[in-house]
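Below: the structure, in structure tokens.
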Amino acid sequence: MSASLGLYRLQQIDRQIDRSRAQLDNIRETLENDIELHDALHRVETLQAEHFHFHHELKNATAEAEAQKIKIEQAESSLYGGKVQNPKELQDLQKDIASLKKHLVTLEERELESMIKAENSESVLQNAKLELEKTQARLGNEHKNLLTDQSKLTIELERLAEEREAALGPIDANLLQIYENLRQQKRGVAIAEIVDGACASCGTNLNASLQQNTRSPKQLTNCPSCGRILFAN
């Protein structure tokens, strides 16, 4: 058996482990930092605050208009009640009533504007809440699937860890260290298979002598171009 065969088998396991871990990281990130859900929640919270503001404005505008109506009723009661007889005072009351009614028009316009804003904000808020519910329902199903995938990947990693432990048995400690160093340097790919007389990683053509050396049971042969350990099936 060539010295590179055990390392090649180990690399196959390690690459599966790398892929599974990357998938797990993506799942964790999605579950912990769901931007879409965060944005939907933030929109509802913002619209709720806005609706409360408009509702408060409407409440105040309505109270001011009602208070103005009471003032007008009181002034008219004084005007037509017969208690005031002085012509000058009666004229002043008429002017006051006219002024109060004019201001009431302004207050009622303000009340109407506040009512429209409050109704519009209520409509927008309800739509946002509906969208949030849809997002939560959809993401709930997606998250449920992600949690299922997470569980499967965790079990898969446990199985691969056992396979890796078994694969390490026949590998010499020095060769394993060389392999580990190359994996760090070569983005996880330390072993390159020879395919059609060339290095499968970088495409460099390999002469017959070099290809034969890769079958040595005692020493490793490296690609002259990319430096990876060569493996001939």
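Tabulated data for the structure shown
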read-out	value
Relative frequency of Cα-Cα separations exceeding 18 Å in segment 1-100, percent	75
Kirkwood Rh and Cα Rg combined as Rg over Rh, evaluated for segment 87-162	1.72
Dipole of segment 14-93, positive end: most advanced residue of Ile72, Ala22, Gln91 [Cβ charges, Cα centre]	Gln91
Label-point separation, Arg19 to Ile35 (7 Å along Cα→Cβ), nm	2.7
Cβ-Cβ FRET estimate between Arg164 and Glu133, R0 fixed at 45 Å, reported to 0.05	0.50
Reach of Lys152 by Cα under 23 Å, taken over lysines that are not fewer than 8 positions away in the same chain	Lys144
Within segment 1-99, trypsin sites (Lys or Arg not before Pro) in DSSP loop having at most 13 other beta-carbon neighbours inside 10 Å	Lys83
Ellipticity estimate at 222 nm from DSSP helix runs (n ≥ 4, -39,500 (n - 2.57)) divided over the chain, nearest 500	-28000 deg cm²/dmol
Percent of Cα-Cα distances greater than 26 Å, calculated over segment 34-168	60
Mean separation of Cα contacts under 8 Å (6+ apart) over length of the chain, as relative contact order %	33
Ellipsoid equivalent to segment 173-231 - semi-axes via the Cα gyration tensor, in Å	18, 14, 7
Length added when fully stretched, Gln177-Glu89, from 0.36 nm per residue minus Cα-Cα	20.9 nm
Lysines whose Cα lies under 29 Å from that of Lys117, excluding same-chain neighbours fewer than 8 positions away	Lys59, Lys69, Lys71, Lys101, Lys102, Lys129, Lys134
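Since every read-out is calculated from the coordinates, none of them should be taken as a lab result. Fair warning: this is a prediction, and the values are worked out from it, not measured in the lab. Note: ideal-geometry Cβ built from the backbone for every residue, glycine included; neighbour counts use all protein chains shown.
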